[in-house]
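The values are calculated or read from the model by the stated rules, or taken from the named source; none is laboratory data. Since this is a predicted model, take the numbers as computed values, not measurements. Cβ coordinates were reconstructed from backbone atoms using ideal geometry, including for glycine residues, and neighbour counts include every protein chain displayed.
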Amino acid sequence: MTLNTLEFLLQESWTSIRRNGIISAAAVTNITVVLIVAGIFVLLSANVDFWLGAQAKKATITVDLAADADTGEVEAAMLADERVARTQFRTKDENLRDLFQRQGWDLKTMKYLDNPLPDSLVVETVNPEDVPAVGQMASGVKGVTGVHYAQDVAVRLLKLIRGAKLTGAALSMVLAAAALVVVATTIRLTIYARRREIRIMQLVGATHWFVRLPFLLEGVMYGAGSGMISAVFLLAGYAYLDEQVDKTLPFLQLVFGPRALALLGLGSVAAGLVLGLAGSVLATREYLREV
Amino acid sequence: MVYLEDVTVVYPNGTRAVTEVSLHIERGEFVFIVGPSGSGKSTLLQLIYREIPPTAGRVIVASQDVTALLGSRVPYLRRIVGVVFQDFRLLPERTVWENVGFALDVVGASRREKFRRVPVALELVGLAEKAQVYPNELSAGEQQRVSIARALVNAPQVLLADEPTGNLDPEISWEIVQILADIADRGTTVIVATHDREIVNRLRRRVVSITSGRIVRDDRSGGGYDDA
């Protein structure tokens with residue numbers, strides 16, 4: 001590709017963006033809104049994961065076994081449930097040692113005690129929010145005498161948050177689809193406005209890709225522009241929020257490292273590019289042949 | 001340079017535009033294709049620049065069988081086949097120079113090449129001094145000359161003209177035809193579809209007469225429009 005060609009292509013794209021004026025602005029605004037909304041949800045879930053994830057993910061269930069229980073059978077019953085990730089058998093002696101260690105008692109005195117603790121299984125679930133349900137299931141298994149787990153607030157909260165995340169993802173998808181349509185329509189208008197030019201290009205021997213490229217570039221420019229605008233909004237808004245949280249809720253820590261912020265900015269631009277390009281690919285595939 | 005062998009074109013709606021046409025045109029030849037409106041003149045040209053494929057028969061242009069040319073190869077055919085239309089098809093927001101240069105831009109030519117070739121093409125059609133003018137500031141004849149320059153700037157082997165004088169008055173038409181004849185004399189094969197009797201009768205070059213999609217006369221000796 002010669003320098004002249006590159007200049008020609010960029011100029012073609014830029015000219016049509018300028019000529020489209022208001023419609024171009026609408027496309028950019030639309031993508032920007034999508035990116036900001038999506039960005040907010042990403043930030044929200046990143047922070048929630050950060051706050052709750054560590055505790056909730058540690059959530060396990062301890063299942064006490066009857067003295068005459070068939071350990072293998074109980075273990076098999078637990079593993080048969082697909083919510084269960086793994087189980088670990090602990091003898092009553094190990095449990096006693098744990099208890100002593102937790103309480104800070106002298107381990108030497110352990111042997112003078114008739115161990116009152118049962119053998120147990122430590123059950124880990126795939127999803128932390130399944131802990132209560134699995135616990136309930138476990139209490140029904142033959143040979144199980146007791147079930148303990150942290151009825152943690154975090155576990156319940158996590159369930160709630162997951163719902164919110166799904167809603168956010170769905171909303172972002174719907175908005176993204178709308179933005180896609182707007183971009184495609186904008187570029188369709190460009191194609192229509194330039195149909196004479198396109199016809200001439202085809203007549204004098206421009207390849208299909210050469211004809212198509214300015215329109216793809218137009219979409220990419222919309223996307224890149226929107227990505228940058230939304231990155232600025234998101235970063236500025238988040239920085240402000242971080243400051244406020246520091247002042248009013250000093251015990252709360254936001255995810256706010258240079259890496260996270262760079263990721264947010266780049267992610268926003270990348271998502272914008274993808275949306276812009278996808279819209280223009282759609283438009284050129286549909287309408288370029290009709291010219 | 002251009003060979004049509006038993007070419008038939010039937011449009012999807014069933015219209016038979018061209019029926020079993022065979023035509024051989026040599027390098028550097030100048031040929032008029034004449035006939036009433038709807039006789040199939042334009043279709044014949046469209047076959048050559050591969051706007052449409054033949055329903056049956058074969059089309060060969062510059063030793064290339066374009067009968068079943070892949071869509072992705074069509075642009076490369078268009079670079080050796082220039083086309084001129086009745087309505088000029090110029091871009092109004094570009095100057096004469098830019099309109100001609102446009103044909104080089106879209107085939108990926110370098111800036112240097114553009115600056116070398118555009119003036120030559122404009123010189124050839126006698127518009128060198130109007131390079132910076134916009135099409136709407138030109139007369140119809142001048143606009144047609146710009147479109148000829150644009151078709152020529154890629155140095156095509158074949159130049160097709162579909163009713164190039166349809167919008168021009170007789171004197172200007174004659175000028176345009178002389179330019180086209182001149183181009184043929186320089187070695188480019190020129191095929192002109194027209195129903196302009198006057199230019200055909202005056203130039204006395206090969207005339208292919210077509211009626212209802214069939215060639216009814218091929219006068220290689222340089223006939224007139226209506227010679228039987």
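Wholly within region B:106-203, which helices (runs of 4 or more DSSP H) include no fewer than the required count, namely at least 1 residues that are within 14 Å of chain A (Cβ to nearest Cβ), of a type outside the set (S, T, N, Q) and surrounded by fewer than 21 Cβ atoms within 10 Å (Cβ to Cβ)?
B:111-124
Candidates are the residues of region A:113-133 that are modelled with pLDDT under 85 and among the acidic types (Asp, Glu); the one that is nearest to A:ILE61 (Cα to Cα) is A:GLU124.
Here region B:65-95 is the region considered, the condition is being touching an Asp or Glu at 6+ places or on another chain (Cβ under 8 Å) and either assigned to a loop (DSSP other than H, G, I, E, B) or among the small types (Gly, Ala, Ser) (or both), and the residue that is nearest to the other protein chains (Cβ to nearest Cβ) is B:LEU91. The residues of region A:191-210 that are loosely packed, with under 15 Cβ neighbours inside 10 Å, in contact (Cβ under 8 Å) with a residue 60 or more places away in the chain and within 11 Å of chain B (Cβ to nearest Cβ) amount to a single one, A:ARG199.
The single condition from (1) without any contact (Cβ under 8 Å) to a residue 40 or more places away in the chain; (2) over 13 Å from the mean Cα position of the chain (by Cα); (3) closer than 27 Å to B:HIS195 by Cβ that B:GLY71 fails is (3).
Of everything in region A:58-92 that is exposed (fewer than 13 other Cβ atoms within 10 Å of the Cβ) and farther than 19 Å from A:GLY143 by Cα, the residue that is modelled with the highest pLDDT is A:GLU82.
Looking across A:VAL183, A:VAL204, A:VAL211, A:VAL174, one residue alone is within 30 Å of A:ASN127 (Cα to Cα) and of a type outside the set (Gly, Ala, Ser). It is A:VAL174. Taken over region B:2-22, residues that are surrounded by 20 or more Cβ atoms within 10 Å (Cβ to Cβ) and of a type outside the set (Val, Ile, Thr) amount to 2. A:ARG188 meets each of the listed conditions (1) within 14 Å of chain B (Cβ to nearest Cβ); (2) among the basic types (Lys, Arg); (3) surrounded by 15 or more Cβ atoms within 10 Å (Cβ to Cβ) apart from (1). For the structure I just gave you, tell me whether B:VAL158 is under 14 Å from B:GLY82 (Cβ atoms) and over 13 Å from the mean Cα position of the chain (by Cα). For B:VAL158, the condition - under 14 Å from B:GLY82 (Cβ atoms) and over 13 Å from the mean Cα position of the chain (by Cα) - is not met.
If you go through region B:200-212 and keep only what is under 19 Å from the mean Cα position of the chain (by Cα) and in contact (Cβ under 8 Å) with a residue 60 or more places away in the chain, you end up with B:VAL200, B:LEU203, B:ARG205, B:ARG206, B:VAL207, B:VAL208, B:SER209, B:ILE210. Among the criteria (1) over 30 Å from B:VAL100 (Cβ atoms); (2) at pLDDT 90 or above, the one A:LEU241 does not fulfil is (2).
Just name the residue that is farthest from A:SER45 (Cα to Cα) out of those in region A:238-261 that are in a helix (DSSP H, G or I) and either among the basic types (Lys, Arg) or touching a residue at least 60 places away in the same chain (Cβ under 8 Å) (or both). Reasoning before the result, please.
Residues of region A:238-261 that are in a helix (DSSP H, G or I), as a first pass: A:238-248, A:258-261.
Subset that is either among the basic types (Lys, Arg) or touching a residue at least 60 places away in the same chain (Cβ under 8 Å) (or both): A:238, A:247, A:259-260.
Details: A:TYR238: 14, A:LYS247: 22, A:ARG259: 17, A:ALA260: 13 Å.
This residue is A:LYS247.
Would you check if A:GLY104 is surrounded by fewer than 16 Cβ atoms within 10 Å (Cβ to Cβ), small (Gly, Ala, Ser) and farther than 26 Å from A:SER139 by Cα?
Numbers: surrounded by fewer than 16 Cβ atoms within 10 Å (Cβ to Cβ): yes; small (Gly, Ala, Ser): yes; farther than 26 Å from A:SER139 by Cα: yes.
Against the criterion (surrounded by fewer than 16 Cβ atoms within 10 Å (Cβ to Cβ), small (Gly, Ala, Ser) and farther than 26 Å from A:SER139 by Cα), A:GLY104 qualifies.
Among the criteria (1) surrounded by fewer than 17 Cβ atoms within 10 Å (Cβ to Cβ); (2) of a type in the set (S, T, N, Q); (3) within 20 Å of A:LEU65 (Cβ to Cβ), the one A:THR125 does not fulfil is (1).
In contact (Cβ under 8 Å) with a residue 12 or more places away in the chain and under 30 Å from B:VAL74 (Cβ atoms), is that true of A:LEU216? Taking the combined requirement at face value, the residue satisfies it.
Checked against the criterion of being assigned to a strand (DSSP E or B) and either of a type in the set (Val, Ile, Thr) or more than 14 Å from chain A (Cβ to nearest Cβ) (or both), the candidates B:LEU44, B:LEU23 yield just one match: B:LEU23. Can you say whether A:GLY227 is in contact with an Asp or Glu (Cβ under 9 Å, 6 or more places away or on another chain), more than 14 Å from every other protein chain (Cβ to nearest Cβ), modelled with pLDDT of 90 or more and closer than 14 Å to A:THR32 by Cβ, as far as the supplied structure shows? Considered against the rule, which asks whether it is in contact with an Asp or Glu (Cβ under 9 Å, 6 or more places away or on another chain), more than 14 Å from every other protein chain (Cβ to nearest Cβ), modelled with pLDDT of 90 or more and closer than 14 Å to A:THR32 by Cβ, A:GLY227 comes out as no.
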